[in-house]
Amino acid sequence: MTGPDDSALRLRGVTVRFGPRTALQDVHLEVPRGQFVALAGPNGSGKTTLLRAALGFLVPDAGSVELFGSDVLGLTVAERARRVAWVPQEENPRDDAPLLDYVLYGRYAHLGWLQGESARDREAALDALAAVGLADRARDGILSVSGGEKQRAILARALVQEAPLVLLDEPTSHLDIAHQLDLLSRVRDLARERTVTVVAALHDLNLAARFADRIVILSRGRRVADGSPAEVLSEELLARVWGVVADLRRDPRTGAPYLLPHHLVAPATTGPTPFLGKGPVHVVGGGGSGAVYMRALSEAGYRVTAGALHLLDSDLETAENLGAPSAVEVPFAPIGEEVRGKLRILLEGATAIVVAPFPVGPSNLPNLEEVLRQLGRVPVLLVRRPEAESWDFTGGRARQVEEELRRGGAREVAGATEMLAALASAPVLVATQ
C-alpha cells in the first residue's frame, strides 16, 4: 500500500464511453475499508462497467480509479490481484477441475515465477472451501456441482487470494432464493470476520437492504442515490429509477426497509412527460369519497397523502393500504388543533391538492378551510359533486369556502380520469431534469 489511506476504492469523476454510448458519466465514489457496498440500478445503468473500471479492465475516457491509494492503471496484474479479488456474474469452466485445484487458481498472485503451490497454499484453499461450506466437495469436479455450489467455489477462489477488496458482479443472478440468501450471508459474515471490503452489484434492492451497509444507485451511468438502506430505499426512488410503483415496508424483526412492487408506473396520456414518482398529491375526503382518487393517483405513480380523516373511516383504511401519510382524528370528534397542524404540514408538502366530493359538517370543515390557505401556492382540483345531493351540513359555510376556492383558481374536474389529465399538464409536476 502507498501511505495511510482509509479508502479501499475511490473513483474520481470517472466517465466511460463505448462509441456513442456513455456507460458511466462523471461518477465519484469512495468506499472506506471494511464496508459492504451494494451497487444497484436497472439493466444498463453502469454497474458492471464501474466494477470493470475498478479492476483496471477498462480505461476511463475521463477521471481516475484508485485501489488503496494507488492508481489502478499503474499497478501490474499481480499487484492488482493482491489488492482486489473478482467474482464475475457468470463463469463457464471448460475443464472439470477438482474444486480444490479450481480454488488454488486464486493463489497464483502470491506465487513466484514457475513456483508451484506449497502446503500452505493448499491449506489456504481448503480453509476457503470450508468457509463457503464446500470442504466435503474438495475432490469433486467443478462441472459436477450445482449452480449455487459453483458460485460458492468462485467465492472461495476469491477469498484464497487474501485480497482486502472483493468485487462481485450479480453473484446471485442465477440462484434460487435459498442459495441467494446463503451466498450473501456468507459474503457478509466473511467480510466482517476477515475485515474485507465488499462491493457487489445486485439487482434485488431488498437483498441489498438486508445485507449491505450502504447502497449506491446508478441510473443511466450516473450516481443518483447513495446512503444507508434506510436513507436510500423509497417508493419515489423505485418509481423514478425503475418505473415501478411499490409500497415501502419495514421488517418488524429488524426494522430494515423493504419494497413491495405491485405495478409499473402508468405513462401520461396528455401533456408533457411527467416525473416518475411525482407528488405527493394530497387528497381531502372522507366517508369513502376519496378512495377512488387515492387509488388512481397511486396507480399512476404519484405519492399520496390524505386527511384529515377520522379513525374507522373507510378512506383512512385505503390510505393506510397505500402507505399514504395521513392526519388522523379520533372517531366522531371535531378536527382539533393538533390534527389540524398535522394536516397543514401535509398540505404544505403537497405539489397538488385534490378535494373529493365528501359531506362537510362542523367536525371536518377545517379540511376545506386549510385547503383555502394553500390556494395560489399549488394546483387545487375540486371533484364535481353529484347534482341534487345534500352535502353541506354547516349552514352554508362549506359552500361558501368551495366558492372561494373556485374564484381563487381551483379547477373543477369530473372524475379520476380528468383529475389525472389535469395533474399531468400541471407545470409544477413536470420534471425539469
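Taking the conditions (1) under 22 Å from L168 (Cβ atoms); (2) out of contact with any Asp or Glu (no Cβ under 8 Å at 6 or more places or on another chain); (3) surrounded by 15 or more Cβ atoms within 10 Å (Cβ to Cβ); (4) touching a residue at least 24 places away in the same chain (Cβ under 8 Å) in turn, D26 satisfies each one other than (1). All of (1) out of contact with any Ser or Thr (no Cβ under 6 Å at 6 or more places or on another chain); (2) modelled with pLDDT of 95 or more; (3) farther than 19 Å from V198 by Cβ hold for E79 with one exception: (2). The residues of segment 310-326 that are without any contact (Cβ under 8 Å) to a residue 24 or more places away in the chain and either in contact with an Asp or Glu (Cβ under 6 Å, 6 or more places away or on another chain) or not in a loop (DSSP other than H, G, I, E, B) (or both), listed by number, are L316, E317, E320, N321, S326. Meeting the requirement of 2 or more residues that are of a type in the set (D, E, K, R), the strands (runs of 3 or more DSSP E) wholly within segment 192-250 are 222-227, 244-250. Here T273 meets each of (1) at pLDDT below 85; (2) under 20 Å from G415 (Cβ atoms); (3) of a type in the set (V, I, T) with one exception, condition (2). Residue-level analysis places A291 among those that are modelled with pLDDT of 85 or more and buried (at least 19 other Cβ atoms within 10 Å of the Cβ). The set of residues from segment 1-33 being hydrophobic (A, V, I, L, M, F, W, C) and in a strand (DSSP E or B) comprises A8, L9, L11, V14, V16, F18, A23, L24, V27, L29, V31. Against the definition (on the phi > 0 side of the Ramachandran plot and within 34 Å of the chain's Cα centre (by Cα)), how does G323 come out, yes or no? When the stated conditions are applied, G323 passes them. Could you please let me know if L129 is in a helix (DSSP H, G or I), hydrophobic (A, V, I, L, M, F, W, C), closer than 26 Å to L29 by Cα and in the same structural domain as L29 (by TED's automatic domain parsing)? No; evaluated as a whole, the condition is false for this residue.
Checked against (1) at pLDDT 80 or above; (2) under 26 Å from T197 (Cα atoms), A138 passes all but a single condition, namely (2).
Of all residues in segment 372-387, those satisfying the criterion of being among the basic types (K, R) and more than 15 Å from L420 (Cα to Cα) are R373, R377, R385.
Residue under question is H174, and the condition is that it be at pLDDT 85 or above, part of a loop (DSSP other than H, G, I, E, B) and over 25 Å from D127 (Cβ atoms); does it hold? No: the conditions fail for H174. Pairs meeting the criteria (first residue in segment 181-204 and farther than 17 Å from R152 by Cα and in the same structural domain as L50 (by TED's automatic domain parsing), second residue modelled with pLDDT under 85 and not in a helix (DSSP H, G or I), beta carbons under 7 Å, at least 6 apart or on different chains) are H203/S173. Can you find a residue that is under 36 Å from the mean Cα position of the chain (by Cα), at pLDDT below 90 and among the small types (G, A, S) anywhere in segment 63-73? Taking every residue of segment 63-73 in turn, none turns out to be under 36 Å from the mean Cα position of the chain (by Cα), at pLDDT below 90 and among the small types (G, A, S).
Taken as a whole, the condition of being in the same structural domain as A153 (by TED's automatic domain parsing) and either polar (S, T, N, Q) or not in a strand (DSSP E or B) (or both) applies to E90. Is there a residue being assigned to a loop (DSSP other than H, G, I, E, B) and more than 23 Å from the chain's Cα centre (by Cα) anywhere in segment 34-52? Checked segment 34-52: no residue is assigned to a loop (DSSP other than H, G, I, E, B) and more than 23 Å from the chain's Cα centre (by Cα). Taken residue by residue, segment 345-358 has no member that is more than 21 Å from A414 (Cα to Cα) and over 34 Å from the mean Cα position of the chain (by Cα).
Out of A85, A153, A124, A163, one residue alone is crowded, with 19+ Cβ neighbours inside 10 Å, assigned by TED's automatic domain parsing to the domain that holds G44 and in a loop (DSSP other than H, G, I, E, B). It is A163. Restricting attention to segment 227-251, the residues that are within 15 Å of I215 (Cα to Cα), aliphatic (A, V, I, L, M) and touching a Pro at 6+ places or on another chain (Cβ under 8 Å) add up to 4.
Could you tell me whether any residue of segment 297-304 is of a type in the set (S, T, N, Q) and at pLDDT 85 or above? The answer is no, given that none of the residues of segment 297-304 is of a type in the set (S, T, N, Q) and at pLDDT 85 or above. Among residues of segment 93-121 being assigned to a loop (DSSP other than H, G, I, E, B) and modelled with pLDDT of 80 or more, the one that is nearest to D189 (Cα to Cα) is A97.
The values are calculated or read from the model by the stated rules, or taken from the named source; none is laboratory data. Please read all numbers here as calculations on a predicted model, not as lab measurements. Positions of Cβ are backbone-derived with ideal geometry, glycine not excepted, and every protein chain shown enters the neighbour counts.
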